[in-house]
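One structure is given here, and the rest of the page talks about it.
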Amino acid sequence: QGCNSNSRGALVVLEGLDRCGKTTQSSRLVQYLEGLGHSAELWRFPDRTTSVGQMISSYLSNKSQLDDHTIHLLFSANRWEKRSSMETKLKSGTTLIVDRYSYSGVAFSSAKGLGIEWCKAPEVGLLAPDLVLYLNISPEKASERGGYGCERYEQLEFQSKVAQYYQVLHDSSWKVIDACQPMEDIEKQLQEMVLECVKKCHNGEPLSQLWL
Ligand code: TMP
């Protein structure tokens, strides 16, 4: 933990195609940071616990139908409803490891054919991640990993389009990790990157906002 009383936690986001291993790696990162004595929490989007999140969950499991624009805005609203508690946590010194964020929002909706600028607009002003860890896997390899095909977006052709839109969103906060390496190797690389970022944030790197 930093000795500076202003020191804040880091906002770290994991992104990638369905089945890239983000969820496993996210929880390992939290355990790792906690083991070093840092305050850290695992968050995920969609956050299915809120009422907006329940609408999203029902849509994803094909129990309800929604217009593409509508579901896009619900995903975004689900991040906005968490924004202030996210900021409070970060300012209190807790690092947040977040499984998916606005990049998923834009990549998945753009892959359906919505304009990328339209998709980005409702995300503007959300907190910008200090670090985005992109777990890179080909759509073919991801589809070979079990458990594919239960939810709405888990189809090869669609995931290929999502991968293309992720490329467009790549910026200087991104690190790309080869998700086909052995799990322990990925874990080690992520740990190093996150630790460096946590230190930078403890040392006063200011929080910024997305896509302004
Ligand atoms: P999950 O499997 O990580 O819970 O995510 C559920 C699905 O929702 C996944 O296929 C990605 C998609 N998604 C969006 O389309 N927009 C978003 O904003 C987010 C966070 C996820």
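The number of residues in the stretch 136-185 being touching a strand residue (DSSP E or B) at 6+ places or on another chain (Cβ under 6 Å) and among the hydrophobic types (A, V, I, L, M, F, W, C) comes to 4.
Picking from residues in the stretch 105-124 that are of a type in the set (A, V, I, L, M) and within 14 Å of the ligand (Cβ to nearest atom), the one that is most open to solvent (accessible area, probe 1.4 Å) is Ala121. Scanning the stretch 33-69 for residues that are assigned to a helix (DSSP H, G or I) and either among the hydrophobic types (A, V, I, L, M, F, W, C) or within 18 Å of the chain's Cα centre (by Cα) (or both) gives Leu33, Val52, Gly53, Met55, Ile56, Ser57, Leu60. When Leu212, Leu127, Leu169, Leu131 are checked against the criterion of being surrounded by 14 or more Cβ atoms within 10 Å (Cβ to Cβ) and more than 16 Å from the ligand (Cβ to nearest atom), Leu131 stands alone in meeting it. Look at the stretch 72-83: where a residue is more than 19 Å from Ala107 (Cβ to Cβ) and a partner is modelled with pLDDT of 95 or more and part of a helix (DSSP H, G or I), sitting 6+ places away or on another chain with Cβ atoms under 7 Å, you get Glu81/Val52. Residues of the stretch 5-47 being open to solvent by less than 10 Å² (accessible area, probe 1.4 Å), of a type outside the set (Asp, Glu) and closer than 22 Å to Ala77 by Cβ, which ones? Answer for the stretch 5-47, where residues must be open to solvent by less than 10 Å² (accessible area, probe 1.4 Å), of a type outside the set (Asp, Glu) and closer than 22 Å to Ala77 by Cβ: Leu11, Val13, Leu14, Phe45.
The values are calculated or read from the model by the stated rules, or taken from the named source; none is laboratory data. Since we're looking at a predicted model, the values are computed, not measured. Methodologically, a virtual Cβ is constructed for each residue, glycine included, from the backbone with ideal geometry; neighbour enumeration extends over all protein chains shown. Ligands, DNA and RNA are excluded from the accessible area calculation, which covers all protein heavy atoms including side chains. Shrake-Rupley method; radii C 1.70, N 1.55, O 1.52, S 1.80 Å.
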